[in-house]
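S.K.: Sharing a structure with you now.
The values are calculated or read from the model by the stated rules, or taken from the named source; none is laboratory data. In this text the structure is predicted, and so the values were computed from the model without any measurement. Don't worry about glycine lacking a Cβ; one is built from the backbone with ideal geometry, like all the others, and counts go over all protein chains shown. Accessible surface is based on the protein model in full, side chains and every heavy atom, while ligands, DNA and RNA are left aside. Shrake-Rupley method; radii C 1.70, N 1.55, O 1.52, S 1.80 Å.
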Amino acid sequence: MLDIRFIRENASAVQENARRKGYDVNIDELLKLDASKRQLQQQADELREKRNTISSQMKGGKPTEALIAEGKSVKEMLVGIEENLKLADEAYMALLKKAPNMALGDVPVGASEDENVVAKKVGEPTSFNFDPKNHAEIAEIKGWLDKERAAKVAGSRFAYLKGDLVKLQFAIIQFVMDKLSDQAFIDEVIRENNLNVSNKPFVPVLPPFMLRTELYDAMDRLEPRDDRYKIEDEDLWLQGSAEHVLGSMHADEIFDEKELPVRYVGYATSFRREAGTYGKDMEGMFRMHQFDKLEMESLGTKEEGLDEHLFMVAIQEKLMQLLEIPYQVLLKCTADIGKPNARGIDIEAWLPGQNKYRETHTADYMTDYQARRLKTRVRRQDGAVELIHTNDATALPLSRGPIAILENHQKADGSVNIPQALRPYLGGRETL
């Protein structure tokens, strides 16, 4: 959520930012509600003060009829004002929550994801001297993927993963956890990218897979609700990605400055309805209702925020390079970065089975937008308390990551080369 003081001072910029991001919010109406709410609050405060004065006078002796009448009148007026204040505050908060975070200056202005900008490409699209298969064909021939029986048990967009595909997934999990919690790896990424960030490693986390409505909403990740799974008769939702339960874990807490940044790498099975997506993306395990992800979350000071974002992108790139997967980096435009984001990066892996680049990673910098409603703060060395800045980023998706490995490392005989970085986690094997 944006600071209302910032909105008052930058109304036209906030309105233009909302337009560029594609959000329908009337900032003039918001400011009118803000003024009305403040006026009602002032009236309520004045009436409470008057009520207290009358109460004190009544305690001092026998109250007069006039004083009793005045007290009754003040009480009735206060009840009316408080009811109006409650309604005004609800309308004000509903509109304030609609205002998206301000995009940083280097975010391209665009009306759709088609206007995202390719910042760079790393590696050449994989070529073969045979007709390459897509991941579903490879996995089904090997007996690694069974969607037919999964549909019988759970419906469409679920799958049983079996055999070496399961081993590959757990090898990736251990590989990523080892790298992100390794001081030497963190130092290497910082050095190679000339970054000015802490060299603190990430703490591995297995988070809850559910969270309460209040915190999901405060993270500004609950919408669109049609894409989320609600637990019937409970104030709980299945999380749609690990950062939803990592970023909210420190709600209503105050860090000491020396504790920051706090960095987590979380593993979670995530759930999304994927409403409105059809066609080829349903093939294999590309777009599922249930999928596993490794996510990075960083909580830091405002001075650290943007550098942490760049650091996470550098980690994403390093992991892709170690897995020997060609990719491109996209700077997302205003219409595609999302409501709470100030800046967003996508990494897309080359998928020979689709003959194009497809998204595997995102990196999101939210400034203090999430922290304002979560009330996650930091006490600076001078004693001042202020909001933290948050970042989240995919470490590796455990559906599309294996997809990219199967398709880019496939061989003519149907086997799959194991990237060198993963071989120690698969007993030294070279192929699947």
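S.K.: Can you confirm whether region 298-314 contains a residue that is closer than 28 Å to residue 161 by Cα, in contact (Cβ under 8 Å) with a residue 40 or more places away in the chain and open to solvent by less than 20 Å² (accessible area, probe 1.4 Å)?
M.R.: Within region 298-314, none of the residues are closer than 28 Å to residue 161 by Cα, in contact (Cβ under 8 Å) with a residue 40 or more places away in the chain and open to solvent by less than 20 Å² (accessible area, probe 1.4 Å).
S.K.: From the residues in region 120-174 that are at pLDDT 90 or above, of a type in the set (Ser, Thr, Tyr) and not in a strand (DSSP E or B), which one is most open to solvent (accessible area, probe 1.4 Å)?
M.R.: Per the criteria, the residue is 127.
S.K.: Are any of the residues in region 384-395 open to solvent by 30 Å² or more (accessible area, probe 1.4 Å), in contact (Cβ under 8 Å) with a residue 60 or more places away in the chain and closer than 28 Å to residue 168 by Cβ?
M.R.: no
S.K.: When residues of region 269-287 are filtered for being farther than 18 Å from residue 172 by Cα and at pLDDT below 85, how many remain? Quick ask: steps written out before the conclusion?
M.R.: Residues of region 269-287 that are farther than 18 Å from residue 172 by Cα, as a first pass: 271-284, 287.
Cutting the leftovers down to at pLDDT below 85 gives us 274-284, 287.
Summing the residues that are farther than 18 Å from residue 172 by Cα and at pLDDT below 85 in region 269-287 gives 12.
S.K.: Can you give me the number of residues within region 198-235 that are within 20 Å of residue 341 (Cβ to Cβ), of a type outside the set (Phe, Trp, Tyr) and in contact with a strand residue (DSSP E or B) (Cβ under 9 Å, 6 or more places away or on another chain)?
M.R.: Result for region 198-235: 5.
S.K.: Sticking with this structure for a sec: Scanning for something in a strand (DSSP E or B) and open to solvent by 10 Å² or more (accessible area, probe 1.4 Å), does region 411-421 turn up at least one residue?
M.R.: Yes: region 411-421 contains one or more residues that are in a strand (DSSP E or B) and open to solvent by 10 Å² or more (accessible area, probe 1.4 Å).
S.K.: Same structure again: Could you tell me how many of the residues in region 221-237 are within 20 Å of residue 362 (Cα to Cα) and surrounded by fewer than 21 Cβ atoms within 10 Å (Cβ to Cβ)?
M.R.: First, pick out the residues of region 221-237 that are within 20 Å of residue 362 (Cα to Cα): 221-224, 227-228.
Subset that is surrounded by fewer than 21 Cβ atoms within 10 Å (Cβ to Cβ): 222-224, 227-228.
Here the count works out to 5.
S.K.: Okay, next question. Kindly indicate the residue of region 1-21 that is exposed (fewer than 14 other Cβ atoms within 10 Å of the Cβ) and not charged (D, E, K, R) and also farthest from residue 218 (Cα to Cα) among those meeting that condition.
M.R.: Result: 12.
S.K.: Now a separate question. Taking only region 334-360 into account, find how many residues are over 27 Å from residue 131 (Cα atoms) and not hydroxyl-bearing (Ser, Thr, Tyr).
M.R.: So the answer is 12.
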